[in-house]
Structure formats: C-alpha cells, structure tokens
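The next block holds one structure in the form of structure tokens; read it before the comments.
The values are calculated or read from the model by the stated rules, or taken from the named source; none is laboratory data. Predicted model only: the values in this text are computed from it and were never measured. Positions of Cβ are generated from backbone atoms using ideal geometry, with glycine treated the same way; all protein chains shown enter the neighbour counts. Please note that ligands, DNA and RNA were not included when accessible areas were found on the heavy atoms of the full protein model with its side chains. Shrake-Rupley method; radii C 1.70, N 1.55, O 1.52, S 1.80 Å.
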Amino acid sequence: MRVIPALALGAFVLPLSALAADPHSYAQPDQVRVTHLDLDLAVDFPHKALEGRATLTLDWKNPKAPALVLDTRDLKIARVEGLDAAGRATALKFALAPRDRELGSKLTIQAPAHPARVRIAYATVPAASGLQWLTPAQTADKKLPFMFSQSESIHARSWVPLQDSPAIRFTYTAHVTAPKDVRVVMSALNDARHPLDGDFRFDQPHPIPSYLLAIAAGDLAVRETGPRSAVYAEPSVAGKAAHEFEDTEKLIEATEKLYGPYAWGRYDILVLPPSFPYGGMENPNMTFATPTVLVGDKSLVSLVSHELAHSWSGNLVTAASWRDIWLNEGFTTYVQGRITEAVYGKALADEEALLSARALQKSIGEMPANSQKLAPDPRGVGADDSLSDVAYDKGSWFLRTLEQRFGRATFDTWLKAYFHRHAFTSITTEQMLADMKANLFDAHPGAMDWNEAKAWVYRSGIPKDAPLPTSLRFDAIDKERAAFLAGTLDAGQLDARSWNTQEWMYFLDRLPDAPALSTMKQLDAAWHLTGTPNAEIGMRWYSHAIAAGDTAVWDAAREHMTRIGRMYLTLPVYKAFAATPEGLAYAKAAYANAKDGYHPMTQGAIEAILTKASKK
Ligand code: BES
Ligand code: ZN
C-alpha cells in the first residue's frame with residue numbers, strides 16, 4: 001500500500017496536444033533546455049524560507065524561441081535577468097501565471113535574445129510543498145532548527161524555479177549559507193569534515209533530473225560506515241543509525257558485482273526526523289531515510305538496498321515521465337531483492353518478494369483498470385498516481401518472471417548492459433521495451449513470447465502464470481494463523497518468538513480485515529504488540545485492532561501516528577479510526593494536536609482522509 005500525496009489527488013484531463021510533452025511540467029524542452037543550475041541560497045530559519053538566486057545555463061534549441069518557460073509553485077519571484085557570454089546582466093520581463101492546484105504557476109520569461117544564462121532572485125514560502133521546517137522543539141536533540149526537502153514527484157518547483165520534468169537533466173553547483181553550528185547537506189558530494197561555519201558549497205557533476213535535487217540542514221553529526229559511506233543524523237540518533245547501516249559497503253559491493261561500478265562516488269545516508277513523509281528517497285550521493293527503520297536488528301535495511309539500487313535504476317537510467325515511473329520503482333524493487341539475496345540470503349529475499357506479491361494481489365482488484373497497467377494511458381493520471389503498488393510490486397514481479405524464463409545469467413547480462421547503454425539518460429517505457437526486445441527476446445529466442453511481455457506492461461491485472469517464490473516459514477505462519485483463528489491454537493502457542501519483522505508483517509497482513517475483538521485481545525496479551533517500537537508491526541497491529549473495536553489500543557495508536565509522519569505508516573491508522581464516528585472524532589482531535597509536526601504532504605493526505613470520512 002503506497003500513498004498518494006494530497007497535492008496530486010485531483011484527476012485532471014489533459015488536452016490531447018499536451019500528450020507528447022511531459023503533462024506534469026510547463027517546460028518546453030524542444031525550445032530550450034537547462035543544462036546546469038547554480039544555486040546561491042540562504043537558509044532562513046526564522047522566516048522558514050530559502051532565499052537567494054538560481055542561475056540556469058541554457059541550451060537554446062529553437063532559434064525563434066521567444067521565451068524561457070519554467071515551473072514554479074508558491075515562489076516569490078523578485079527579479080529576473082539574462083546574462084550574456086561575458087556575464088553582463090540585463091533585466092528580463094517575466095509573468096507568473098495563476099496557480100494551478102496540481103502544477104503550480106507557469107513562469108514565462110521573455111528572452112528573445114537567447115541569453116547564455118538566466119538568473120532568478122526568489123524566495124520560498126513557509127508552506128512550500130517540497131520543504132518541511134522544524135523548530136528545535138520538534139527535533140530529537142532540541143538544540144537547533146531543522147529543514148529538509150522532498151522533491152519527488154513534482155515538488156522541486158516549490159523551492160527552485162526550473163524545468164521540473166524527469167526528462168530534463170542538468171548538473172548543479174550550490175553555495176548555501178546557514179546559521180553557525182548547522183550542517184547543510186545536498187544531493188551532491190558532501191564533505192564530512194566541512195567546518196560548521198555557516199558556508200557550504202556543493203557540486204553534482206553528473207546530470208540529474210530535477211526530482212533528485214535535495215537539501216537538508218540541521219544539527220547533524222556524521223559517522224563513517226565504510227570507505228565511501230557515512231550516516232548523517234542528529235547526534236543522539238547517529239550511533240544507532242551507524243549500527244543499523246553498518247553493512248552499507250557490503251550492499252554497495254554486492255550491487256556492483258551484479259550491475260557494474262557505482263557511478264556516483266560516495267554513498268551517504270541522511271536519517272531525518274520521524275516526520276519525513278516517505279521511507280526513503282534516493283537523492284544522489286545522499287539517500288534521505290526515515291528513522292522508523294532504526295529497529296536495532298537490521299531487519300529493515302532493505303530500505304537501504306532499495307535506495308542504493310536507485311543509483312542504477314532511476315538515477316542512472318531515469319523514467320522520462322511520471323507515467324513511466326515503474327522503470328524506476330519496479331526495476332529498483334527487483335534489484336533490491338537481488339541485493340538482499342546476495343547479502344542476507346535467499347530466504348529473506350523470497351519473504352520480501354512474497355509480501356510484495358501478496359499485497360498486490362490484495363489491492364489490484366480495487367484499482368481502476370488503467371491504474372493496473374505498468375504503463376497506463378497518461379490521460380487523467382496525476383504525477384504521483386503511478387507510484388502505486390503496481391509500479392513497485394507488478395514491476396518487480398515482471399522482472400522476476402523474465403529472470404526465471406531466460407535464466408539468471410542471461411537476464412543479469414541484459415540488465416547490466418541496459419543500465420550501461422542508457423546511463424545518465426531519461427527514457428520511456430517504449431524505449432526500454434525496444435531495448436528488451438532487441439537484446440533479450442530476439443537475442444534469446446524461445447524463452448518467452450513477446451506478447452507476454454506486452455501483456456505485463458499494457459494490460460490490467462496480474463498474468464495468470466506469474467511465478468511466486470515459496471517460503472517454508474511463511475507457509476508455517478499461514479497454518480498457525482489459520483489454527484489460531486479457528487480457535488485450535490492459543491495465541492501464546494504461536495511460534496512468534498522466532499519471527500523476524502517480515503514474518504510478523506506477513507502474519508498481521510493476512511488477518512481478517514475486521515478480526516474479532518477477543519482475537520486481538522488474546523494476541524496482545526501474549527505478544528504485547530501495543531506500544532511496539534517497530535512501526536511496521538505497529539501500523540499493522542493498530543489498524544487491525546482498531547477495526548476490531550479494541551479501544552484499549554487507541555492511545556498507543558495515537559502516539560504512533562503523532563510521532564510518525566511517514567505516510568505509509570501513519571495513514572492506515574488514521575483510516576482505521578475514520579471508519580466509525582467515535583474513531584473519526586478521536587482521530588480529528590489527535591490530528592489537531594499533531595498537525596504542526598507533520599510535513600505539508602502528510603497534512604494534505606490526512607486531511608483528505610478525515611474530510612472524506614466526515615462526508616459519509
Ligand atoms: N522514490 C521513492 C520515494 C517516493 C515515491 C517519493 C513516490 C515520492 C513519490 C523511494 O525510492 C521509495 O520507493 N521509497 C519507499 C521505500 C521502500 C520501498 C523500501 C518508501 O518510501 O516507502
Ligand atoms: Zn524507490
């Protein structure tokens with residue numbers, strides 16, 4: 001179950017003429033392309049603003065192009081100037097269009113003389129959709145304020161005026177000032193020994209799409225985890241994080257062995273406050289991660305495998321539009337499984353593949369037919385709508401099917417070469433398919449019919465013969481769950497002492513949607529799930545217990561959803577509360593208290609749940 005942020009909820013209908021270009025960007029890359037971005041920004045905590053200048057280097061494509069069109073959302077534009085090759089500045093006229101709810105405001109800059117660069121002086125607003133600002137009291141160590149960005153899908157435009165489309169790649173440099181003692185990091189090479197003097201410089205020498213632009217600033221300590229990796233976190237969290245992520249170098253080496261050298265130099269991880277709205281974000285050189293994976297036993301390190309995998313699938317070879325996003329997330333979920341298998345063994349990789357496949361089987365039937373396709377018809381699909389279970393779970397299932405049919409050696413050779421052939425480019429589903437047809441199907445005839453591949457990509461549902469891994473431990477859990485629900489096995493007799501996180505997830509995922517109250521009471525008495533420090537278990541436990549009418553868990557559930565802003569872990573609990581009038585009232589009160597600590601995206605998503613439930 002993945003989560004659609006509120007800003008992308010509106011279904012909107014596109015004019016047919018827009019279908020060729022990226023429908024989620026106003027940019028006109030056939031006219032002019034940004035090739036480099038230079039940022040000069042000040043982090044202004046008192047005003048919750050980034051303020052400064054963005055200088056865009058331009059490659060004019062159409063000699064007659066009259067203007068540079070950029071994406072913005074809620075930016076305050078102070079002035080715009082063109083810079084000629086010698087660096088001489090001329091003021092340029094610009095117009096900011098009315099704000100579209102989903103796309104923001106189109107910024108049209110008149111530039112008939114085709115300046116080499118355009119410089120925009122601007123500031124962000126406190127409620128910028130891609131930023132969260134935390135007061136010292138809202139951080140773990142309570143000493144300094146904190147801020148971080150989350151640009152995917154189309155939120156970079158809320159903190160930088162740019163061509164906000166994954167089809168357009170640019171290098172970037174940045175100069176960022178901040179209060180003394182604050183450390184600033186970006187999705188670029190970061191220097192762990194940089195003095196905390198309030199003056200930071202960054203260089204991302206590889207061309208990246210805008211959704212990989214990232215920045216964070218706060219009270220950050222650094223712990224090395226390997227020769228080219230470190231964790232950044234608030235001082236009180238850094239030790240725990242360094243322990244949880246101590247296998248990072250092993251994970252990088254396992255991936256390199258499969259798919260070739262890591263192209264980006266360092267691989268660091270930033271652990272954010274618990275309000276981070278996602279599990280992880282694959283910002284180049286600096287994965288942003290939720291602290292909810294710091295459970296002490298490394299059982300949720302797949303998050304690192306996943307974000308690291310994006311260094312190949314996503315950051316090296318990028319989906320050209322949001323409709324193609326399964327090229328990022330499906331390929332990455334597949335690669336994540338291969339890394340897990342190499343470092344932690346096949347049993348765990350198979351468990352995670354099964355959790356993914358079972359989740360998809362449960363959810364896909366309720367989706368509109370178009371959303372069940374890996375490559376949906378893009379009309380009326382919001383930027384984040386394609387980021388569902390389908391992109392992750394059906395996408396990775398398709399690749400596991402190919403691996404099985406062609407054999408691992410052949411499939412690995414193709415995938416490695418695919419990453420190499422398209423490195424540092426953005427491609428569509430159709431370009432990937434052309435590569436796959438020529439270099440996998442036609443090169444190895446007889447293994448699989450091409451029509452089957454097309455059905456995986458362009459048809460709804462899951463193909464009938466989709467292969468499932470087996471897990472003896474999951475099979476045993478299915479039997480135990482059935483016996484427990486039938487009343488022939490006591491809760492205390494479940495073999496749960498030996499269960500890892502994934503096995504608990506599997507046990508809880510497949511309980512009835514609204515179990516009997518007595519069932520929940522017995523489970524809690526035996527296994528003390530209420531108050532669990534593992535939020536993957538907590539989310540599943542509270543959702544089921546609330547649905548069963550177990551009011552004894554309400555306060556602990558409220559604590560869980562107040563503390564955690566990761567949408568995937570907190571929205572299901574709000575949804576469970578919203579199913580009854582008493583629960584809804586309780587959730588509304590909880591939200592009123594928790595709201596200030598949530599990211600703008602999480603706020604929007606929770607408000608959508610509460611509003612929808614109130615109308616019933
Ligand atoms: N790129 C995604 C995060 C994302 C998705 C941001 C959609 C914005 C819109 C990231 O790589 C991801 O998939 N994160 C997962 C991690 C999990 C699959 C291990 C998450 O956040 O839960
Ligand atoms: Zn991902």
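When peptides 103-115, 603-615, 83-95 are sorted by average Cβ neighbour count within 10 Å, with the highest value leading, the order is 103-115, 603-615, 83-95. Of the solvent-accessible surface of region 32-122, computed with a 1.4 Å probe and all protein chains present, 52% belongs to carbon and sulfur. Backbone geometry of region 188-196 corresponds, through the Karplus equation with coefficients 6.51, -1.76 and 1.60 at θ = phi - 60°, to 3J(HN,Hα) couplings of 7, 5, 10, 9, 4, 9, 4, x, 8 Hz, x marking Gly and Pro.
Which entries in the list 76/143; 142/588; 48/180; 521/615 go over 22 Å, if you measure between the two C-alpha atoms of each? Over 22 Å apart, Cα to Cα: 76/143; 142/588; 521/615.
Along the axis of the charge dipole computed for the chain (Cβ charges of +1 for Lys and Arg, -1 for Asp and Glu, origin at the Cα centre), the listed residues 235, 205, 63 are led at the positive end by 63. Could you please state, rounded to a whole Å, how far the C-alpha centre of region 463-526 is from the C-alpha centre of region 102-130? Going from one Cα centre to the other spans 53 Å. Taking 14 Å as the cut-off, the amide N atoms of region 195-216 that come nearer than this to a point 7 Å along the Cα-to-beta-carbon line of residue 424 belong to 204-209.
Rounded to a whole number, what % of the accessible area of region 473-614 do carbon and sulfur atoms account for, probe 1.4 Å? Answer for region 473-614 is 53 percent, counting heavy atoms of protein chains only.
Rolling a 1.4 angstrom probe over the protein heavy atoms with all chains in place gives the chain an accessible area of 38 Å² per residue.
By accessible area, using a 1.4 Å probe on protein heavy atoms only, region 314-458 has 54% of its surface on carbon and sulfur. Placing unit charges on the Cβ atoms only, positive for Lys and Arg and negative for Asp and Glu, gives the chain a dipole magnitude near 1260 debye about its Cα centre. Toward the positive end of the charge dipole of region 473-614, about the Cα centre and with charges on Cβ (Lys, Arg +1; Asp, Glu -1), which of 568, 592, 482 goes farthest? Farthest towards the positive pole: 592.
Inter-label distance, residue 468 to residue 135: 5.1 nm, where each label sits 7 Å from its Cα along the C-beta direction. Rounded to the nearest 20 debye, the dipole magnitude of region 172-260 is 100 debye, with +1 charges on Lys and Arg beta carbons, -1 on Asp and Glu beta carbons, and the Cα centre as origin. Between residue 379 and residue 596, residue separation times 0.36 nm minus the direct Cα-Cα distance comes to 74.6 nm.
Spacing of the modelled spin labels on residue 366 and residue 409, each 7 Å from Cα toward Cβ, amounts to 4.5 nm. Note that the chain carries a Kirkwood radius of 25.2 Å, evaluated over its alpha carbons pair by pair.
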